[in-house]
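Shown next, in structure tokens, is the structure this report addresses.
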Amino acid sequence: MPVLQIPPAQDSHDGNGESTGLTYVCSTALYLNAGMVATKKYLTTYMKFLLDNLPSDASISQVRIRLNVRSVGGSAGLWTVRGYGLPSGQPDPELDTGNNCELRYTRCCVEGTSGNKYLENITEFRTFGEKWLILGGNIAQDIMNAKSGVNRFTLAVHEQGQDDQYAQFYDYTSGSAYWEILEITYTVEAAVGYSYSNGLVSISVLALMRNAILSVCGRGLMEKWVE
């Protein structure tokens, strides 16, 4: 069963900076943060993955995300992993630039419904190190929708309630041993076939899973399903 591991194409975090007198602030810092930095200052993070190597006819059986915790979150912290914006995972954070920190912040933790949450109220970021998390919800269908729609998928992480100390993750500049990975396990229906032609008669047999189509072309035409 094929397993595709996709490194990040882009990632960052943005914040609600009420404590500084600004409504929203765009991050220029390294690493990724999700949670409260100071009273009334909250950070959310996002990570974009390109789906070029995922077959368009893939059937996804499991999706995992790898995150490496560089600095642990609060002891009462609860984190949510969700699709970035709507349709889930399809907006491009790189286009939400300039003064659109508010838009990115909103797409990370507010926009959407429970339908684009893949993990909710998890505690894994209270401890250091590598975390492999299996994503649930509608993740498989959302990725395939994103594949056909925009050929990329963006995940977001925020601390539930934005009231606990932020967790910090390594980002794409940290190298392959530390950066985030989107892992997709999938299958593709395999087609096997046989064809024969002697110039007068052409026979083709295509087997797809349990079914086969037999087509005979010569002076006449016949098509028949073979179970």
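Please treat every number below as a calculation from the coordinates, not as lab data. These numbers come from a predicted model, not from an experiment.
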- Item | Alpha-carbon Rg with Dmax, taken over region 58-161, Å | 13.9, 40
- Message: Taking 0.36 nm per residue of sequence separation and subtracting the Cα-Cα distance, how much length would be gained by fully extending the chain between residue 30 and residue 3, in nm to one decimal?
- Response: 6.8 nm
- Task: Compute the length gained on full extension between residue 127 and residue 183: take 0.36 nm times their separation in residues and subtract their Cα-Cα distance, giving the result in nm to one decimal.
- Result: 18.0 nm
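Expressed in nm to one decimal, what extension gain is obtained for the pair residue 174 and residue 160 from 0.36 nm per residue of sequence separation less their Cα-Cα distance?
2.4 nm
Enumerate lysine pairs in region 3-187 that are 8 or more residues apart or on different chains, then count those whose Cα atoms are under 19 Å apart. Could the numbers behind the result be given before it?
Numbers: 48/117; 48/131; 48/147; 117/131; 117/147.
Number of lysine pairs found: 5.
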